[in-house]
Structures are given as C-alpha cells and as structure tokens.
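> Below is the structure I would like to discuss, written out as structure tokens.
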Amino acid sequence: MKKNRSPWLYQLQQDRKSRVLAADLVTDVAIVGGGIAGLASAFYALKYTNLTVTLLERFKLAHGATGHNAGQVTSYFERGFASLVEEFGLSKAARGQKAVEDAWHLLDEMYTDAGLGIPLSRFVGHAGVSSEEQVFAHLESNRLRREAGLTQEVIRVSSAATFASNIPASYYGLYTLVSPEEIRGILETPTDDFIATLSYQKGCVNSALFTEEIAEYLMRAYPKRFTLYEHTTIHKLVLKHDHALLDGGEHEVRAGHIVLCTNGFEHIHILNETGLDIDAKYHHLLSGKIGYMSGYLERFDKPPIAISYFTDPSADPDNSYFYLTRRGYEYEKGVEHNLISVGGPDVSVEDTAQYSLEDDFPDEMEEVIDTFVRRTYDTEPNKRIDYLFTWHGLMGYTKNGVRLIGPEPKNPVLLYNLGCNGVGILPSLHGGREIARHLAGEKVEESIFDVPARDPG
C-alpha cells in the first residue's frame, strides 16, 4: 500500500516556523481550525472590522481536509437545486445558491488584496449522466433556476436517448439535442455510457498553497491584529454571556467570539454557562466520508478541465460517481506537466477516531480508480499509469448537506463556518464573509446556512 501523499502538500514548501501557544492571551476573535474556512474567516474579519483575531490549529495549516481534497472550485451543492427548493422554498434556496455563485467574486477579492500568484484555472466544467432519472432531475432544477432568475446549466441530451423525443414541453428551452459523438467529445470518453452532459463554471486551485499564502499575507498586513498558533489543541470551550474561554491545555485563551472552522470533526467539549446545552450534532457533525483520490502526470498539451461521471448506479452502486481534473502542475522545478487527478470512491465514517491521515492508501481503491480511468477517460488503455500521488481526506457532512454558517442560537458568542459536504472552497469563502458581517454587528438576512434553533430530531 502507498502512503497518503497529497499533490497539494507536495507543492507546499513551508519555510515559515510554526508558533505554538506558549502563554495565556486575550483576543477579540478566536478561530479554531487552520484550513481554508478558518483563513477565509480571519481574512474577512480583519478586513471589515477592527477586531484582533487569533487562529488556532491543532496540526499545521492546510494539512487537514484543505490539503487532502480534490482542489476543485465549484458553486454547486452536492444536492440538486430542486431538493433545496423543496426544503427551503424557491426564494430562500435561490438566495443560498446565488450566495455561493457570488463567492467567485470573493475569490477574486482575496487574490487581489493578497497579491496571490498561485495558479487559478477557470473553465467550463462538464458532467456526464447515464440515466433518464438523472436527466429529468437536472431539467427540473434548471426549470426552477430559470424561475428564480439564476444561471442555468447547459444541458445537452443525446439524440439517441430513448426518451429524447418525449421530454415534456415544460422543459423546452432548457436543453439541446446533440449527437452521441458530441457527448463523447465533451466528456473525453470513448464509451457510450452517458446520455447527457451538464456544463457550468468550474475551476482548480491548490487550496493548501492558497491557504498558506493567505496566512502569510495576513501576518504581513495585520501584524498587530492577527496571530497564528499551530500545534495547539483546544480541549474545551466555556461560553459565557459576553465572552468565552478556550482551554488549550497549559494555557487559556479569552475571546469575545469563537468561530469553529473544523469541518465538523473535533471533540471539543462545549460548556454553555448561560443556559441550554449546545447539541454536539452542530459541531461534531452527523457523519463523514473518507474520499480517495489518485493522481498522475501527462504531457502538458491539453487545457485544464474538470469532468464528473455519473454512471448507472444499478450496475455498481458503490462506484457510480467519479470526477477527474486536469490542470498544469510543476512536479520538477521549471518543468510543467498536466496533473490528472481522479476521485470518487469513498467510505462513510461516523467518528473521526475511525480515521487518520497517517493511514495508508488502500490498494483496492487505487485499483477501482485505475479501472475507471482506463475504461472512461480517453487515454492509452494499454499504457501503465504511474500514480505518483494517492491521497485521502475527510469530508464533514451536515444532516441536510448544507453548510453551517453563523451564530449558535443558544449562545451567539460561538459561531460556525463548517461542514464542507464535499464542496468546500467557495462556501468557505462565503462563510468567512458572513462571519465578518456577524462580528461587525450587521443585520444578516435569514439563510439556508443558518444553524437551526431547535435540536435536530
């Protein structure tokens, strides 16, 4: 078996010396979690308020989920828009969807402010679907998107699909009929497994390098208001009426507000001295998934792309979804290749104690990915693929698959920006901006991302 070796951390040549919490301190805002959500929350809190911010990470920056993800940038939820409408209503669901789409502008803002030189690839990404049910689900979401005034997916349906001539009139104008050859070309696949494609804006970025460089910018730009401590574990939070105490073992942090940016996986005991107990389900999320990914290098002769493949779940329900990205990657100094990274297989986990970044990459997962690549992606089928990178990471899933952003109803001293639900980058940025608005005392409109006021059933 191979080690858990992330291509994003491989490029992260961290010369900065880590600083460990070595004394008690007082801060306006304490952020727990040094991934992209924590750094985004710090970035906007520092930019839009005059508060002091302390970020606490139990390992090293970006070495958790942020450094072990797919590196994709997308404004799509793992849930379809129609299901969001069913739960929240059209208006509220549309505001939530638009908020994440608008986070592309927040990404631009961070690049401009911090003067980042990290490559960010933007392109039209694609997904292939293989069942009639999947096609109609996306057509319905597109219909609701049109009704809400949102950007619609570009949906192409194969003219060879058995139902193509019987699509209801309510979906006219929401798709186009194309040849099977065009479907194969868009998906870069030699197979006829897919009967439709979906196209929308996507991107790729090294999220670990992005996070590290944002941290370095904040230390330069706000030397008197921003402090970063790594290798610092918080064991307990004590919430009071107007402040909180964080137990860091030998030392204590007093903060006016705490922001949990832990992806939902931590075992911090929270004591709310002002009233009702805080339900652990809101910060120790209900479930998680270990996502497995492999990466190999090809010649630098094709443009960046991201393609998702939804195969027939009845054939192999455990392996019916794969995703592939291709982006420029400097593996050797001065020599750029294309990195092909492929993922999809995952394993559910109920408790973070069942998972470790130190675990080896299972041989069977590499075989599953390799089988997919050889069958589905337009490559040389007989060529041996050297997977230089095989890595896995933990995805935190909320009960309804929607991120948690904002104050804890039982004590607003505590705020959340967590629960990636498999799509974390843009929602993390949106969450960071919303956290800053809450800290600034702005009135924030009700949102699909709000923490429920009642305990979950």
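> Over what distance in Å are the Cα centres of region 211-231 and region 332-400 separated?
So the two Cα centres are separated by 31 Å.
> Which percentage, to the nearest 5, of the DSSP beta bridges contained in the chain is antiparallel?
About 70 percent, rounded to the nearest 5.
> By the scheme Lys and Arg +1, Asp and Glu -1, what is the net charge of all other residues having a beta-carbon under 15 Å from that of residue 248?
Net charge in that neighbourhood comes out at -3.
> Using helices alone, I'd like the mean residue ellipticity at 222 nm for the chain: each DSSP H run of four-plus residues gives -39500 (n - 2.57), total over residue count, nearest 500.
On the way: 9 runs with 119 residues, N = 457.
The helix-only estimate for the chain comes to -8500 deg cm²/dmol at 222 nm.
> Modelling each spin label as a point 7 Å along the Cα-to-Cβ direction, I'd like the residue 90/residue 5 distance in nm, to one decimal.
5.3
> Next up: Multiplying the sequence separation of residue 165 and residue 181 by 0.36 nm and subtracting their Cα-Cα distance, what value in nm do you get?
Separation in residues times 0.36 nm, less the Cα-Cα distance, equals 3.9 nm.
> Count charges around residue 1 for me, please; just the other residues with Cβ under 13 Å from its Cβ, Lys/Arg as +1, Asp/Glu as -1.
-4
> Hey, another quick one. Taking R0 as 25 Å, what FRET efficiency do you get between residue 22 and residue 354 from their Cβ-Cβ distance, rounded to the nearest 0.05?
Step by step, r from the Cβ atoms, then E = 0.15.
> Assuming 0.36 nm per residue, please report the length gained on full extension of the stretch residue 192 to residue 102 beyond their Cα-Cα distance.
28.9 nm
> Using Cα atoms only, what is the angle between the long axis of helix 132-148 and the major principal axis of the chain, expressed in degrees (0 to 90) to the nearest 10?
It is inclined by approximately 60 degrees.
> In the neighborhood of residue 265, defined by Cβ-to-Cβ distances under 12 Å, what is the net charge if each Lys or Arg adds +1 and each Asp or Glu adds -1?
Here the charged neighbours net out to -1.
> Could you list, in their original order, any pairs among 236/443; 47/92; 2/383 whose Cα atoms are separated by more than 25 Å?
The pairs that break the limit, which is 25 Å between Cα atoms, are 236/443; 47/92.
> Now for a different question. From the Cα trace of region 317-385, what convex hull volume per residue do you get, rounded to a whole Å³?
Each residue corresponds to 140 Å³ of Cα convex hull volume.
> Restricting to region 176-295, what percent of DSSP beta bridges are antiparallel, rounded to 5?
Of the beta bridges lying entirely in region 176-295, close to 65 percent run antiparallel.
> Between residue 122 and residue 147, what is the spin-label point distance in nm, taking each point 7 Å from the Cα along the Cα→C-beta axis?
Label-label distance for residue 122 and residue 147, simple model: 3.1 nm.
Bear in mind that the values in this text are calculations on the coordinates, not laboratory data. Since the structure is predicted, the reported quantities are computational estimates derived from the model, not experimental observations. Please note: Cβ atoms are built from the backbone with ideal geometry, for glycine as well, and neighbour counts cover all protein chains shown.
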